[in-house]
Every structure is written in structure tokens, then in C-alpha cells.
Amino acid sequence: MKILSVVGARPQFIKAAAVSRALRASPGVREVLVHTGQHYDDNMSQVFFEELEIPEPDYHLGIGGGTHGQNTGRMLEAIEGVLLKEKPDWVLVYGDTDSTLAGALAAVKLHIPVAHVEAGLRSFNRRMPEEINRILTDHASDLLFAPTETAVQNLLREGILENRIHLVGDVMYDAALHYGVKAERKSRILERLGLQAKGYVLATIHRAENTDDRERLRVILEALAEVHREVPVVFPVHPRTRKRAEIFGFEGYLEKVLATEPVGYLDMVMLEKNARIIATDSGGVQKEAYFYRVPCVTLRAETEWVELVELGWNQLISPLDAHTIAQTVLHCAHMIGEETDLYGSGQAVQRIVNVLRGSR
Ligand code: UD1
Ligand code: UDP
């Protein structure tokens with residue numbers, strides 16, 4: 001059985017690392033890995049392949065840095081070419097990026113079945129590029145691997161047939177369990193940055209809605225600078241955010257916190273585990289905050305991972321006013337929610353592989 005996986009962006013490398021390992025250990029399964037090139041800086045791509053021991057991609061399409069239409073369109077054409085040549089039994093796509101949509105669309109048009117990992121997430125905000133990518137990918141998919149019961153319900157409400165949906169748990173939790181041990185052994189990031197455990201706030205920001213609006217980005221950066229005056233803020237800056245900060249003339253704000261380049265996954269895990277508080281707009285980081293039981297403030301009006309808000313681990317704040325954000329972040333250090341096993345027990349990857357193998 002030949003499975004062709006399409007990845008391109010940072011969180012997809014992490015998810016695919018876990019799935020790919022299990023696929024390749026599975027008798028009779030051959031994986032062909034396609035990297036679209038959506039993320040291309042070494043610290044957004046290569047570092048993950050090295051640290052997480054992901055096999056070299058069989059195809060690297062080198063498509064990134066364009067607009068949504070340019071990226072998706074060019075990827076669609078290039079992936080179609082690969083599919084015609086490889087003729088896989090399944091195409092596996094992850095999450096909600098432009099690479100996800102291009103992979104799903106190229107496959108479904110060639111009548112190659114599509115499996116979607118992290119299906120069924122919804123923010124109900126159609127202005128998010130990710131929301132459109134998710135909806136279209138889910139509706140193009142033959143197998144939908146949902147991480148949570150909420151995701152299952154979202155899919156059923158949209159009329160997707162129940163027998164296509166599999167509640168498997170969250171592959172990011174599997175990755176956290178597997179690589180968490182390695183991170184403890186290998187990462188020296190706390191020493192390198194001179195950080196004390198539970199003595200800093202970890203921040204990440206990259207959503208288009210937060211970076212592309214000048215005033216919104218200013219408010220967020222000002223809030224982080226205000227927090228930093230009381231507790232050090234470690235801020236690995238996504239390239240999108242750095243570029244917008246430069247365009248808007250906000251470099252000065254980055255000097256008011258401990259801004260770094262994006263870090264590798266093992267360093268990120270250590271930064272997360274030891275943070276007092278996490279402030280983020282990332283989907284993956286919200287969940288990882290919970291995996292390590294660190295209180296999280298999400299700088300968005302809504303989230304796809306609603307359970308963490310309901311259970312008291314995560315607090316949403318619409319990034320409109322710097323002082324309110326800063327005070328919310330500073331005051332959530334003791335926020336403790338209810339325990340849950342809603343992301344599974346580290347078996348998501350194996351369940352995905354079993355379903356795929358059973359689908360022959
Ligand atoms: C993408 C995903 C988003 C995901 C995020 C993970 C889409 C629509 N968005 O957002 O869902 O949460 O990845 O990080 O697919 N850039 C670089 N170097 C890189 C990568 C990006 O300089 O290695 C810069 C380029 O200017 C690029 C911009 O960042 O144009 C945006 O990159 P893009 O991949 O389009 O979107 P992200 O914001 O990274
Ligand atoms: N991450 C990382 N280094 C960083 C920032 C994030 O390794 O500097 C990891 C993080 O631990 C999580 C994933 O990248 O596993 C989340 O990706 P991102 O925030 O880019 O995207 P999202 O999850 O919002 O789609």
C-alpha cells in the first residue's frame with residue numbers, strides 16, 4: 001500500500017513526524033513524502049526534519065512565500081504531477097494550511113482517496129484562511145481523523161457521513177509524549193537564554209488577523225512589552241510576524257522583550273514545559289500548554305480548541321487593548337482547569353495507521 005503524505009508548514013512537520021514513523025514501521029506500507037516548500041527557512045523546516053528524524057522528502061516542490069492564491073494554485077499543479085507519477089493508494093494531508101488544501105484538491109480530482117488528519121476543527125470565523133482550508137479539505141476527504149468529539153460533531157452537522165469519521169485523538173499529543181523525553185535530554189535552551197523554570201512568560205504570535213492589521217499587532221507587541229516589565233517574556237518570532245513588524249516600523253517593540261528566532265521543537269517543548277504562563281495565537285501551542293499543564297492566554301476572539309477554555313485551562317482575549325491583555329496574562333499564572341483525556345492517550349497515530357491499513 002502506497003501512502004503519499006503532503007506537508008509544508010511547521011506544525012505539519014511535527015504531526016507528520018509521529019505518523020510517518022508509524023507508517024514506515026507498518027509491514028506492507030510505503031510512504032512517499034512531499035514537502036510543498038510553504039515554510040522554507042531552516043528554522044521553520046530543516047530543523048524539524050533533523051531533530052524529529054523525519055525522512056528526507058521524496059519531492060520538494062519549493063513553493064512558498066506567495067499569496068494564498070499563488071501558493072495554493074502552484075502547489076495544486078505540482079502535486080497533481082507527483083500524483084500522476086506515483087499513483088498512491090491514499091493521500092494523507094494534515095491540518096488546515098494552503099498545503100493541506102492543495103494536496104486534498106489535487107488528489108480528489110484524480111479520484112485518489114484523501115485522508116485528513118485533524119479533521120473537523122472549526123473556528124466559525126470564515127475570514128480565517130485556515131477555516132476555508134479546513135472546510136474544503138474535510139468535504140474533499142474520504143477518511144476524516146478527528147482529534148476530539150467536538151470535531152466529530154462539527155463534521156456530522158455539516159452532513160459528512162458518519163462512517164468516514166474516526167475519532168482517534170490528537171497526533172500532537174502522541175508527538176509530545178514521544179519527543180518530550182528527547183527534549184529533556186537534548187535541549188539547553190533554558191541555560192542558553194538564562195531562564196529560570198516558572199520564571200518567564202512564553203509568547204508566540206503569527207495569525208494573519210493579528211499580524212497583518214497594524215493596530216492589532218501594535219497592541220499585542222505593546223502588551224508583551226508591558227508584561228516583560230514584570231516577568232521576562234520569551235518570544236520566538238515567526239517570520240511572518242517579523243516581516244510585518246519591520247514593515248510597520250515596530251522593531252523597537254521586539255527589543256523590549258526577549259525576542260528570538262523561531263526555535264526547534266525540542267527547545268520549544270522545554271520552553272513550554274517550564275513557562276509560568278503561555279500567551280499565544282497558535283493552535284498547536286494552546287494544546288501543548290495543556291499537555292504540560294501551563295496556563296494559557298489565547299490572543300484571539302475564538303478558538304477551535306474550545307474544550308480547553310471550557311475546562312478552565314485557556315482564556316481567550318480579543319487583542320484590542322494592550323493594558324487589558326497584559327493584565328490578563330499576568331493574572332492567569334494560577335489558573336488551573338479540570339483534568340481531561342480528551343486528546344486521547346497517545347494512541348492517535350496507531351489508530352490512524354490501523355484505519356488506513358484496514359481500508360485496503
Ligand atoms: C501558515 C498557515 C497557518 C499555520 C502557520 C504555521 C496558511 C494559510 N497558513 O501560516 O495556518 O498556523 O503556517 O506556522 O497556510 N515566511 C518566511 N519563511 C518561512 C515561512 C514563511 O519568511 O519559512 C514568511 C513569508 O513572508 C511568507 C509569510 O511568512 O509569505 C507567510 O507564510 P505562509 O506560509 O503563507 O503563512 P503562515 O503565516 O506561515
Ligand atoms: N513551534 C516550534 N518552534 C517555535 C514555535 C512553535 O517548534 O518557535 C512548534 C510548537 O511547539 C507547535 C507547532 O510549532 O508544535 C505549532 O506551530 P504554529 O504555531 O506555527 O502553527 P499552528 O499550530 O498555529 O498552526
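A few points about this structure:
- With respect to the conditions (1) more than 10 Å from ligand 2 (Cβ to nearest atom); (2) open to solvent by 10 Å² or more (accessible area, probe 1.4 Å), residue 267 lacks only one, and its number is (1).
- Condition check for residue 260: within 16 Å of ligand 1 (Cβ to nearest atom) and out of contact with any helix residue (DSSP H, G or I) (no Cβ under 7 Å at 6 or more places or on another chain): yes
- Selection count where residues are small (Gly, Ala, Ser) and either under 24 Å from residue 306 (Cα atoms) or assigned to a strand (DSSP E or B) (or both), scope the range 236-270: 1
- Per the conditions (1) in contact (Cβ under 8 Å) with a residue 40 or more places away in the chain; (2) open to solvent by 10 Å² or more (accessible area, probe 1.4 Å); (3) more than 21 Å from residue 17 (Cβ to Cβ); (4) not in a loop (DSSP other than H, G, I, E, B), the sole criterion not satisfied by residue 197 is (4).
- The one condition from (1) open to solvent by 10 Å² or more (accessible area, probe 1.4 Å); (2) in a helix (DSSP H, G or I); (3) out of contact with any Gly (no Cβ under 9 Å at 6 or more places or on another chain) that residue 166 does not meet is (2).
- Qualifying residue in the range 223-242 (condition: among the charged types (D, E, K, R), within 16 Å of ligand 1 (Cβ to nearest atom) and out of contact with any Cys (no Cβ under 9 Å at 6 or more places or on another chain)): yes
- Answer residue from the range 276-297, given it is under 25 Å from residue 39 (Cα atoms) and in a strand (DSSP E or B) and is nearest to ligand 2 (Cβ to nearest atom) among those: 280
- Restricting attention to the range 295-317 and to residues that are of a type in the set (Val, Ile, Thr) and touching a residue at least 24 places away in the same chain (Cβ under 8 Å), the residue that is surrounded by the most Cβ atoms within 10 Å (Cβ to Cβ) turns out to be 297.
- Selection within the range 243-257 - surrounded by 19 or more Cβ atoms within 10 Å (Cβ to Cβ) and hydrophobic (A, V, I, L, M, F, W, C): 245, 254, 257
- Cβ separations smaller than 7 Å between residues 6+ apart or across chains give the following pairs from the range 278-292 residues that are closer than 13 Å to residue 170 by Cβ to residues that are surrounded by fewer than 23 Cβ atoms within 10 Å (Cβ to Cβ) and at pLDDT below 95: 287/343.
- Hey, residue 301 assigned to a loop (DSSP other than H, G, I, E, B), at pLDDT below 95 and closer than 30 Å to residue 213 by Cα or not: no
- Selection count, the range 318-327, where residues are buried (at least 16 other Cβ atoms within 10 Å of the Cβ) and part of a helix (DSSP H, G or I): 3
- Listed by first and then second residue, the pairs with beta-carbon distance under 7 Å, at least 6 apart or on different chains, first residue in the range 12-39 and on the phi > 0 side of the Ramachandran plot, second open to solvent by 20 Å² or more (accessible area, probe 1.4 Å) and in a strand (DSSP E or B), are 37/60.
- Contact map, the range 205-218: residues that are among the hydroxyl-bearing types (Ser, Thr, Tyr) paired with residues that are not in a loop (DSSP other than H, G, I, E, B), Cβ distance under 8 Å, separation 6+ or inter-chain. Pairs shown: 211/217; 211/240; 211/241; 211/244.
- Residue 273, sole failed condition from (1) open to solvent by 40 Å² or more (accessible area, probe 1.4 Å); (2) charged (D, E, K, R); (3) under 26 Å from residue 48 (Cα atoms); (4) part of a loop (DSSP other than H, G, I, E, B): (4)
- Members of the range 94-107 that are away from ligand 1 (no atom under 12 Å from the Cβ) and within 21 Å of residue 168 (Cα to Cα): 104
- Subset of the range 338-358 [assigned to a loop (DSSP other than H, G, I, E, B) and touching a residue at least 40 places away in the same chain (Cβ under 8 Å)]: 342, 343, 344, 345, 346, 347
- Looking across the range 227-242 at every residue that is closer than 16 Å to residue 280 by Cα and among the charged types (D, E, K, R), the one that is surrounded by the fewest Cβ atoms within 10 Å (Cβ to Cβ) is identified as 240.
The values are calculated or read from the model by the stated rules, or taken from the named source; none is laboratory data. This structure is a prediction, so every number in the text was calculated from the model and none was measured. Quick reminder, even Gly has a Cβ in these numbers, built from the backbone with ideal geometry, and neighbours come from all protein chains shown. These accessible areas exclude ligands, DNA and RNA; they are computed on the full protein's heavy atoms, side chains included. Shrake-Rupley method; radii C 1.70, N 1.55, O 1.52, S 1.80 Å.
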